[in-house]
1. Quick one: check the C-alpha center-to-center distance for the range A:85-103 versus the range B:1-51, whole angstrom.
2. State, as an integer percentage, the relative contact order of the range B:67-202 based on alpha-carbon contacts under 8 Å between residues 6 or more apart.
3. In terms of the Cα gyration tensor, with a ≥ b ≥ c the square roots of its eigenvalues, is the range A:111-210 rounded because a/c is under 1.5, prolate because a/b exceeds b/c, or oblate?
4. Measuring from a point 7 Å out along Cα→Cβ, what nm distances, shortest first, does A:Ser125 have to its partners in the other copies?
5. So how strong a dipole does the protein assembly as shown carry about its Cα centre when Lys and Arg Cβ are +1 and Asp and Glu Cβ are -1, to the nearest 20 debye?
6. Among A:Gly140, A:Ile130, A:Ser74, which residue has its Cα furthest toward the positive end of the charge dipole of the range A:57-210, with +1 on Lys/Arg Cβ and -1 on Asp/Glu Cβ?
7. Relative contact order for the range B:1-144 using alpha-carbon pairs under 8 Å, separation at least 6, rounded to a whole percent?
8. Quick check: from the Cα gyration tensor, does the protein assembly as shown come out rounded (a/c under 1.5), prolate or oblate?
2 protein chains.
Amino acid sequence: MQYTETEEKIFSSALEAFAVHGKDGARMQDIANKAGINKALVHYYFRSKERLYEAVVTYVVERYIRNLSDSLQSETNFKQFLRSFITNYIDVLALNPLLPKFLIREIAAGAPIFKKKMEAMIRSSKGSMIQTYYKHFQEGIDQGEVRPLDPSQTFITIIGSCIFFFLAHPMFALLNPHIEKRFAKFTDERKSHLFDILYYGLQPRPELQK
Amino acid sequence: MQYTETEEKIFSSALEAFAVHGKDGARMQDIANKAGINKALVHYYFRSKERLYEAVVTYVVERYIRNLSDSLQSETNFKQFLRSFITNYIDVLALNPLLPKFLIREIAAGAPIFKKKMEAMIRSSKGSMIQTYYKHFQEGIDQGEVRPLDPSQTFITIIGSCIFFFLAHPMFALLNPHIEKRFAKFTDERKSHLFDILYYGLQPRPELQK
DNA sequence: GTCTATATCTCGATAGAC
DNA sequence: GTCTATCGAGATATAGAC
């Protein structure tokens, strides 16, 4: 799917407006202004606010999530997969801070559109990232590298501990201002922090712990 | 702070409306209907939608977050603190599924109100949950129970891995329908899952892992 | 405190010229 | 495709009776 320059401008303005103000709080006038065009033109392209919103969800899934998913196909074992997943995921979120805000609002609303798009994406890609994850996880268990845990529980934990920081960092800066002042550094440190906790938290434990 | 019966009814209707539809998507008419009163009465009590919204944020902080915080004061070491934190937190979220939706929308908007209330709460409580956390975490390090990690990073990871599931479970049900069909069971299992991963992920590692 | 009725206004959407 | 001008729905908020 290829978009015209004007469409791209509308998408990025709309993504920002929806992320910051929510679907209902966003104003078509603001979206048009930020895109440098007239409000009527936004309607000309997308007919209604609802359709524009749906188009933005699709845009986000196709542009960001599919890429993320594809980038993980080549990993060969669980340890590598986990490290790449965390690194790539955090890089994408750090570069596109509007993404998690936008998506979490859709999810809080029950994810009516996002769910459909993700279902389609999972079905369409021959081997989606999720299947790759399950495969490597099971291999890890078989080879004694990972404890026999519920892979769904683990998947949620991995994703959540990556994303949540980008949603809530303004809150956490209340306890540690360093988080905002040296955001890039803290974000980078987050990669190894998460890998260490998760990878070693998943490893089998010879019964030496109290 | 004590509220009248009518105020309580308005709060719970408003919390639901704001959580499901967002601040701008929520309708004063719906809030009044669900509370079983007239729309004008909502304005009589709270003057405007904006003020009602602020009051709901305050209500949530006072009613839910402060309690959660207080319940952790009595724990005596890091291991116990971590286990109680995860258990209590997940219990509260499971019982009040609107809370995370409501709060995450406020946070996505930059948390203008929530931040202020939390600052006040942290200042006011003699020993807040957060201070208790830092104390136990440092003790854990001193006693060789925990690796010398950044406590802020760890705090974010703990909170995020608890909350995120409650925000995103409708999405994860796409890969494992069991999550929705046996929600209570999955939620309960989540407690030990998280404790195991986090506690053992934080432990020192005698260099026997590959 | 609680209601009905109404004022006011914002915003999504369209008509129609260019 | 792009603009100006405008309509009309629907929402917040208030006035005023009880």
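1. 35 Å
2. Relative contact order here is 36 percent.
3. Oblate is the answer for the range A:111-210, as a/c is 1.5 or above yet b/c matches or exceeds a/b.
4. A:Ser125 label point versus its equivalents elsewhere: 4.1 nm.
5. 700 debye
6. A:Ile130
7. Numbers: 105 pairs, mean separation 39.8, N = 144.
RCO, the range B:1-144: 28 percent.
8. Oblate.
All of the numbers you see were taken from the coordinates with simple rules; none came from a lab. All values derive from a computational prediction rather than experimental measurement. Positions of Cβ are backbone-derived with ideal geometry, glycine not excepted, and every protein chain shown enters the neighbour counts.
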